[in-house]
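Working notes, beginning with the structure itself.
The values are calculated or read from the model by the stated rules, or taken from the named source; none is laboratory data. Quantities reported herein were computed from a predicted structural model and do not represent experimental measurements. Note that each Cβ is placed from the backbone with ideal geometry, even for glycine, and that neighbours are counted across all protein chains shown.
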Amino acid sequence: MDSASLRTLNAERRARRAAILVTDLADGSSRIVREHDEVSGELGEAVARAFRSGNSGSAEAGGHSYFLNAHLPQPRLVVIGAVHISQALAPMARIAGYPLEIIDPRTAFASADRFPDVTLHADWPEPVLAEHPLDSYTALAAVTHDPKIDDFALKAALDAKCFYVGALGSRKTHAKRVERLLALGATPEQIERIHAPIGLDIGAASPAEIAVAVLAQMIRAFHARGAGFKSKGEAA
Amino acid sequence: MENTAHLDEARDPLIIAEGWMNDGRSVAVATVVETWGSAPRPVGSHLVIDAEGNFHGSVSGGCVEGAVVTEAVDVIDSGKPKMLEFGVADETAWQVGLSCGGRIKVYVEPLVQEA
């Protein structure tokens, strides 16, 4: 590895962008590949696999032995709404390896008493997201039912290309939401990416079951990113 | 509140290596490139070492770090990368084998300063 590769790699990691350090094991020469860089041939296939899986490993290509060290940002989940579903979702997401943050301006809901050991922002999504921006390795679930709180965050999630965007509410509620998001300037293609009603269709009824459905849908979206995998199983 | 979504700059080996490099220190980077059986640290894990033998990170649960640091100091001197292998079947098992029964391959390379 050379100093330039190390600086570039650390800059990408600090910015929460995926990068792979490709090292030729014969001479130690290395280069950084970013997610949309073109890499041809067998090495290109290995690079694409590493971006998808996040797994590091060796690859043989063109008579050379390479080591691919995949550095993917830690996926995380931002939940809009400190509601009953979020209380179940918080410990489940943590166990599944997705750090979770909750945003809700209603201080009666967003209390440390109701959410021990959870990163809570008792403020409106707009100022919180300005300070902690969404990105393509972040999932967003909007579960307040309140357009004043959910809508801005949903639009921000679509613009930031969050790998998962889900919104709680019936089909009827969602139809009205679509109208509002169009008025906010979202495109129909963007709106198509919203999982609504939220969650995989597992017949979830209780808040905890809905949390399972949301978490599973988000995990599927994470592993399907960039795969053209489009299926919108639905539940709540 | 713990938030693992962001880099832990104080403990991240590659961030530490960059800091050392900026201070003008010579640095080697060790990387787990292959594992067999039960290995304590996954492929891609780093240990970074300076010429005085200071180190951060890990390539095992502490079983082979001492040997890797010694080799890394040689790698800094020679400027040539080296592939190391550790495991219970190794003749050095009594000294630095992995008690968990796994085997690991560790690539140790000098951090080359660009002109």
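Any residue at all in the range B:3-15 that is facing chain A (nearest Cβ under 10 Å), touching a Leu at 6+ places or on another chain (Cβ under 8 Å) and either on the phi < 0 side of the Ramachandran plot or basic (Lys, Arg) (or both)? Spell out the reasoning first.
Step one: filter the range B:3-15 for residues facing chain A (nearest Cβ under 10 Å), giving B:3-7, B:9, B:12, B:14-15.
Next, from what is left, pick out any that are touching a Leu at 6+ places or on another chain (Cβ under 8 Å): B:14-15.
Narrowing the set further to residues that are either on the phi < 0 side of the Ramachandran plot or basic (Lys, Arg) (or both) leaves B:14-15.
The answer is yes, given that some residue of the range B:3-15 is facing chain A (nearest Cβ under 10 Å), touching a Leu at 6+ places or on another chain (Cβ under 8 Å) and either on the phi < 0 side of the Ramachandran plot or basic (Lys, Arg) (or both).
Quick one: is A:Ala11 buried (at least 17 other Cβ atoms within 10 Å of the Cβ), modelled with pLDDT of 95 or more and under 28 Å from A:Ala160 (Cα atoms)?
Working: buried (at least 17 other Cβ atoms within 10 Å of the Cβ): no; modelled with pLDDT of 95 or more: yes; under 28 Å from A:Ala160 (Cα atoms): yes.
Criteria not met by A:Ala11.
Checking the structure you have, find out if any residue of the range A:202-211 is outside any helix (DSSP H, G or I), in contact (Cβ under 8 Å) with a residue 12 or more places away in the chain, in the same structural domain as A:Val128 (by TED's automatic domain parsing) and under 23 Å from A:Arg17 (Cβ atoms).
no
Being modelled with pLDDT of 95 or more, over 17 Å from B:Glu109 (Cβ atoms), crowded, with 16+ Cβ neighbours inside 10 Å and β-branched (Val, Ile, Thr) narrows it down to one of A:Ile32, A:Ile85, so name that one.
A:Ile85
Starting from the range B:44-68, take each residue that is under 23 Å from A:Leu21 (Cβ atoms) and list its partners that are charged (D, E, K, R), counting only C-beta distances under 6 angstrom and pairs at least six apart or across chains.
Between residues of the range B:44-68 that are under 23 Å from A:Leu21 (Cβ atoms) and residues that are charged (D, E, K, R), the close pairs are B:Asp50/B:Arg25; B:Ser58/B:Arg41; B:Val59/B:Arg41; B:Ser60/B:Arg41.
For the range A:96-118, indicate whether the set of residues that are at negative phi, part of a loop (DSSP other than H, G, I, E, B) and acidic (Asp, Glu) is non-empty. Walk me through it before giving the result.
First, the residues of the range A:96-118 that are at negative phi: A:96, A:98-116, A:118.
So of that shortlist, the ones also part of a loop (DSSP other than H, G, I, E, B) come out as A:98-99, A:104-116, A:118.
Still in the running and acidic (Asp, Glu): A:104, A:113.
Within the range A:96-118 (the criterion being at negative phi, part of a loop (DSSP other than H, G, I, E, B) and acidic (Asp, Glu)), the answer is yes, since at least one residue qualifies.
Restricting to the range A:48-63, give me the number of residues that are under 21 Å from B:Pro81 (Cβ atoms) and more than 14 Å from chain B (Cβ to nearest Cβ).
3
Is it true that A:Gly62 is in contact with a helix residue (DSSP H, G or I) (Cβ under 8 Å, 6 or more places away or on another chain) and closer than 21 Å to A:Thr8 by Cα?
On the way: in contact with a helix residue (DSSP H, G or I) (Cβ under 8 Å, 6 or more places away or on another chain): yes; closer than 21 Å to A:Thr8 by Cα: no.
In short, no.
Does any residue of the range A:120-135 turn out to be under 22 Å from A:Ala204 (Cβ atoms) and in contact with a helix residue (DSSP H, G or I) (Cβ under 7 Å, 6 or more places away or on another chain)?
Filtering the range A:120-135 down to residues under 22 Å from A:Ala204 (Cβ atoms) leaves none.
Looking for residues that are under 22 Å from A:Ala204 (Cβ atoms) and in contact with a helix residue (DSSP H, G or I) (Cβ under 7 Å, 6 or more places away or on another chain), one finds none in the range A:120-135, hence no.
So, in the range A:6-34, of the ones that are facing chain B (nearest Cβ under 9 Å) and part of a helix (DSSP H, G or I), which residue ends up farthest from A:Pro133 (Cα to Cα)?
Across the range A:6-34, the extreme among qualifying residues is A:Leu6.
So which residues in the range B:25-50 are more than 8 Å from every other protein chain (Cβ to nearest Cβ) and not in a loop (DSSP other than H, G, I, E, B)? I'd like the intermediate steps shown before the answer.
Narrowing the range B:25-50 to residues more than 8 Å from every other protein chain (Cβ to nearest Cβ): B:25-28, B:30, B:32, B:35-41, B:45-50.
Correct list: B:Val27, B:Ala28, B:Ala30, B:Val32, B:Thr35, B:Trp36, B:His46, B:Leu47, B:Val48, B:Ile49, B:Asp50.
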